[in-house]
Structures are given as C-alpha cells and as structure tokens.
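Heads up: the structure comes next, in structure tokens.
Every read-out reported here was derived from the displayed coordinates using simple, explicitly stated rules and does not represent laboratory data. Worth saying up front: this structure is predicted, and the values here are computed from it rather than measured. FYI the Cβ positions are ideal-geometry reconstructions off the backbone, even for glycines, and counts take in every protein chain you see.
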Amino acid sequence: GKIMTIKGLRKVYRMGNEKVIALDHIDLDIEEEKIYCLLGPSGSGKSTLLNMMAGLEAPTKGSISFKNLKIEKMNESDLANFRRRHIGFIFQSYNLIPTLNALENITMPLLFKGVHPKERHKVGMEMLDAIGIKDRWRHKPTEMSGGQQQRVSLARAFINDPDIIFADEPTGNLDTKTANTMMMLMLGLVKKRRQTLIIVTHNEELAVFADYVIHIRDGNIFEIVVNT
Ligand code: ADP
Ligand code: ADP
C-alpha cells in the first residue's frame, strides 16, 4: 500500500526581495517497500523535496501525509516524534558527532528513546557487525575513512528500524568502488527489513537500483520511470 501521499506541494524560499520557487505542483504517491531515486541536476529541488518528506522543512503550500498523519500540520514536538519513530536519514557529509566514537554515534537514536546503556551497547555492536565495521567501534569519525564514516551514518539511520530511509547523495563523497559497496549494503538492509528507501542523486548510475526513478527539473516532476 501507500506509505506517503504528496499533494500540490510548493516551496518558496525568500532571500531579501527575491523569491526562489524551489518546488511547485508536486503530486506523488510513495509505495511501501519500494526504492525511489530522485534524479535531477543540481538546484532542481531534490533535497528540498526530500527534506519536506522527512519533516525537516515545512512546505509553503500543499500536503504531505505519512499513512494517516499530516506532516504539514505537525508542530515541532510532533515532528521530532515522527522523525524518531518513522524516519532514518543519511547525509552526503555523514553528519556524525566528532566527539563521539562509532558506537556512540550509531546508538544516539536509542539514547533519545531512553534505551538502557547495556541494551544500547548490544544493539549497537550487532549493527556495527552487520555492516562490517565492528572492529572500529571505538574510532572517532576523524579516525575513519569516508567509507567507514558513511557506514556509521548508515547504521545510525537504521538502528531505530524506521519505516522510510531518506538518503541525500549518500555516495557523493565516495569513490566508485566504495560507493557501490555502500549502495549494496543499503539495498540489502532495506530489502531484508522491508523498508522504503528514497535516494537523492544526480548520478544516473544509481538509478538502476531503484524501482521508480523520479526525474526532477526546475522544481517539477518531469517524468517517473518504472524499472521492471
Ligand atoms: P537540489 O537538491 O536538486 O540540488 P535544492 O533542493 O537544494 O536542489 O534547491 C532547489 C532550489 O532552491 C535552488 O534554486 C536552491 O538555490 C534553492 N534553495 C535551497 N535551499 C535554499 C535556502 N535555504 N534558501 C534559499 N534558497 C534555497
Ligand atoms: P575504505 O575503503 O573503507 O573507505 P580506505 O581505503 O579509505 O577505506 O582506508 C583504508 C584504511 O585506512 C581504513 O581501514 C581506515 O581505518 C584507515 N583510514 C583511512 N582514512 C583515515 C583517516 N583519516 N584517519 C585514520 N585512519 C584512516
């Protein structure tokens, strides 16, 4: 079934007297357990759309529903709960906390949930094991390679078992080989856990992994290609 429904979405940024229409007339249904790729040139509105779906930015107009929850109607505390319960987010620049080690970084979401330290440690180590960097658990972000840091950020996104994983250019800072490994890890986890994945990219090579490729141009959906 449908997990998200977007209707008449519009986002306008104001910069002084200037208006930037980042997105307009966006209608989109997201199906459960499918993989979506948002593809388009830089500045076309991909990140804006992703951020609004994840409840990180408010739309100027239109509605975004997650199942029967209206995201655009939520206040800050509802949004925080929504993100904690249902959303995992992976950033291009990893966004890890520099002072925390790998284990502490990936178990942050569990800390917010009030999970007991022993349980956090156990779940965190299992997750690190699943993505092949268990031996790095004590390493701080600066003591890891880019590929390892992105694995930590992947683990952090999955640790709460979210319904949807959003990934904004997740392989943008990685070399081709590391990027492929990362994609395979991400797809493997999503399939096994029967989650929905939405990836933003300007790299057409990543589109082959998706069930649906949504082409974005100048703030509009230009075409949706179904991969069979
Ligand atoms: P993409 O992810 O496809 O590169 P974005 O969603 O980041 O595109 O940006 C879409 C448009 O909105 C661009 O013209 C960009 O400059 C503008 N934009 C994005 N974020 C902001 C912001 N915080 N303030 C002003 N303009 C913004
Ligand atoms: P990967 O293919 O996983 O991205 P690299 O080939 O970049 O790994 O790095 C090889 C090894 O060097 C890694 O196991 C990593 O621990 C170590 N390493 C890479 N970058 C750094 C760094 N900035 N500081 C400390 N160790 C690093």
Of the DSSP H helices in the chain, the ones reaching 24 Å or more along their long axis in Cα terms and averaging at least -1.0 in Kyte-Doolittle hydropathy are 176-193
Can you list which of the trypsin sites (Lys or Arg not before Pro) found in the stretch 82-147 are DSSP loop residues with at most 12 other C-beta atoms within 10 Å? 138
Given the -39500 (n - 2.57) contribution per DSSP H run of 4+ residues, what per-residue ellipticity at 222 nm results for the chain, rounded to the nearest 500 deg cm²/dmol? -10000 deg cm²/dmol
Return the whole-Å distance between the Cα centroid of the stretch 77-147 and the Cα centroid of the stretch 47-74. 25
If you find the alpha carbon centre of the stretch 200-228 and of the stretch 154-188, how far apart are they in angstrom? 17
In nm, the gap between the two label points placed 7 Å beyond Cα toward Cβ at residue 97 and residue 191 is 3.4
Residue 72-residue 175 FRET efficiency (beta carbon distance; Förster radius 45 Å; 0.05 resolution): 0.70
In nanometres, what is the gap between the two model label sites at residue 34 and residue 125, each 7 Å from Cα along Cα-to-Cβ? 4.1
P(r) tail for the stretch 91-228, what percent of Cα pairs lie past 21 Å? 44
